[in-house]
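Asker: Would you mind keeping the following structure in view while I ask a few things?
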Amino acid sequence: MHVTRAILAAALLAVLAAGGLTAQQKKKPGSDDEGYVPVVAPEGKNSKNKKKEQDLNQTLPPQRELPSTIAAETGRLAFQVSPLSSRGLLSQQTRDALKALLKNNHGTIVKLRAFVAGSGDLRRVGELAGELFTERRQPLPVLTVVQVGALPMEGAQIVIESTETDRKVVNPNGVAFLSAQPAANVAESLDKLKALLAANGMQPSDALSVTCFVSALDAPRDTQSLTAAGFSGAAFNYVQMRREPVTPAAACEARARMAKTASSIDPQVALISSPQVVFTGTQLAFGAQDADLNLAFDRLAKALASMNTSLRQAVTSHLYVASNGTAAQAFAKQTAHWGSRPPASTMLPIEGLPSLDAPLGIEVVAVADASAGR
């Protein structure tokens, strides 16, 4: 009996060994699996959870693109400027700047304008904004990204301005948009802003934000000029337009809380009491030919049309010029597209735009109804 059992056990082992040898012989020589006997874990609780996580990750929606236009209530508009930092490279500084703006805002951010110094990839700013706003479950803002010569801190690669809608009405009479005032220095440019405000019933203390574009940085003196002129309560930004000297030497622009209701637009100041305004991101011209510039304006017009407004309803515009030869053409094109009453317009020579092929970028703010200001 014991002998018979021993013989049967030996026979069974021989069969199993033969089957294993056959399976090994079917593998290709040199296979990475050669000699490896896989261990199959039972489908327990952990494996089911892991499979569920994998399925969830595979069905996550793709990141949405930033919008080209967005509407906001004029009476709730507020402004911030991110703190400068020299920590890390462009991606880290961008994340830090966006987090600071999101932390300090009192409502919803609708527009970002980023000024990047250095040679980092400008397209990363939009990608990071999309990621962070999506993570925070915040509506995506429109975006302008411009490369400039320098910022007033060594190692700083980005500063971001934000336009937001406050939770409450903070501008009951509307907002004034003052175009950049060219001058020999920041102090003179600020004086021009003061005169424009006074002519329209406002004071420097009514300014919500001030941005000064300069040919050469002199931060201590220019900050003193800002305080001396009475603009110290405004969110302040200060950038060098290009690494090389440019004209004008300084040009400061402002947004201010209106003291009384009014609606008027001229090349220097737009007084807007319209209930809503529409902000656009930057439309780029990919080339300097007439057809290239016209196409950029056409795309901008199409974006505005989706919000039931138009270029002729623009109240303020910015033209960012990366090529000197494009400035005159761009000015002529905007005059043709604006109609008989151009907006408060600012044209700036800058270092570059998110595409190397783009000599010009255009953005506007337009009223959201046809009756306001026109």
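Asker: Tell me, yes or no, whether segment 289-296 has at least one residue that is in contact (Cβ under 8 Å) with a residue 12 or more places away in the chain and in contact with a Gly (Cβ under 6 Å, 6 or more places away or on another chain).
Answerer: Checked against the condition, which is being in contact (Cβ under 8 Å) with a residue 12 or more places away in the chain and in contact with a Gly (Cβ under 6 Å, 6 or more places away or on another chain), segment 289-296 yields no hits at all.
Asker: So, in segment 274-284, how many residues would count as being assigned to a strand (DSSP E or B) and either modelled with pLDDT under 95 or surrounded by fewer than 20 Cβ atoms within 10 Å (Cβ to Cβ) (or both)?
Answerer: 1
Asker: Looking at Val81, is it modelled with pLDDT of 95 or more and under 22 Å from Ile350 (Cβ atoms)?
Answerer: Details: modelled with pLDDT of 95 or more: yes; under 22 Å from Ile350 (Cβ atoms): yes.
Yes; evaluated as a whole, the condition is true for this residue.
Asker: Can you tell me which residue among Ser306, Ser317 is in contact with a Ser or Thr (Cβ under 7 Å, 6 or more places away or on another chain) and surrounded by fewer than 18 Cβ atoms within 10 Å (Cβ to Cβ)?
Answerer: Values: Ser317 fails: surrounded by fewer than 18 Cβ atoms within 10 Å (Cβ to Cβ).
Being in contact with a Ser or Thr (Cβ under 7 Å, 6 or more places away or on another chain) and surrounded by fewer than 18 Cβ atoms within 10 Å (Cβ to Cβ) holds for just one of Ser306, Ser317, which is Ser306.
Asker: Out of all the residues in segment 250-273, which are at pLDDT below 95 and buried (at least 18 other Cβ atoms within 10 Å of the Cβ)?
Answerer: Selection gives Ile265 alone.
Asker: Follow-up. Of all the residues that make up segment 233-242, how many are part of a loop (DSSP other than H, G, I, E, B) and modelled with pLDDT of 95 or more?
Answerer: Total satisfying the criteria: 3.
Asker: Given the criteria touching a Ser or Thr at 6+ places or on another chain (Cβ under 6 Å) and part of a loop (DSSP other than H, G, I, E, B), does Gly120 qualify?
Answerer: no
Asker: Here is a follow-up. Report, ordered by the first and then the second residue, all pairs with beta carbons closer than 8 Å, sequence separation of six or more or different chains, a first member in segment 320-346 that is farther than 21 Å from Val365 by Cβ, and a second member that is in a helix (DSSP H, G or I).
Answerer: Cβ pairs passing all conditions: Thr326/Leu293; Gln329/Asp290; Gln329/Leu293.
Asker: Continuing with this model, one more query. Say whether the condition of being modelled with pLDDT under 90 and either part of a loop (DSSP other than H, G, I, E, B) or buried (at least 22 other Cβ atoms within 10 Å of the Cβ) (or both) is met by at least one residue in segment 344-358. Walk me through how you get there before you give the answer.
Answerer: Going through segment 344-358, the residues modelled with pLDDT under 90 turn out to be none.
No, the conditions are met nowhere in segment 344-358.
Asker: Within segment 112-171, track down each residue that is at positive phi and either among the small types (Gly, Ala, Ser) or within 13 Å of the chain's Cα centre (by Cα) (or both).
Answerer: Scanning segment 112-171 gives Gly118, Gly155.
Asker: Name, by its number, the condition in (1) outside any strand (DSSP E or B); (2) within 30 Å of Met307 (Cβ to Cβ) that does not hold for Phe177.
Answerer: Going through the list (1) outside any strand (DSSP E or B); (2) within 30 Å of Met307 (Cβ to Cβ), Phe177 breaks only (1).
Asker: So is Gln203 over 26 Å from the mean Cα position of the chain (by Cα) and without any contact (Cβ under 8 Å) to a residue 12 or more places away in the chain or not?
Answerer: no
The values are calculated or read from the model by the stated rules, or taken from the named source; none is laboratory data. Only a predicted model underlies this, so the values are computations on that prediction, with no experimental measurement involved. Every residue, glycine among them, receives a Cβ derived from its backbone with ideal geometry; neighbour counts consider all protein chains shown.
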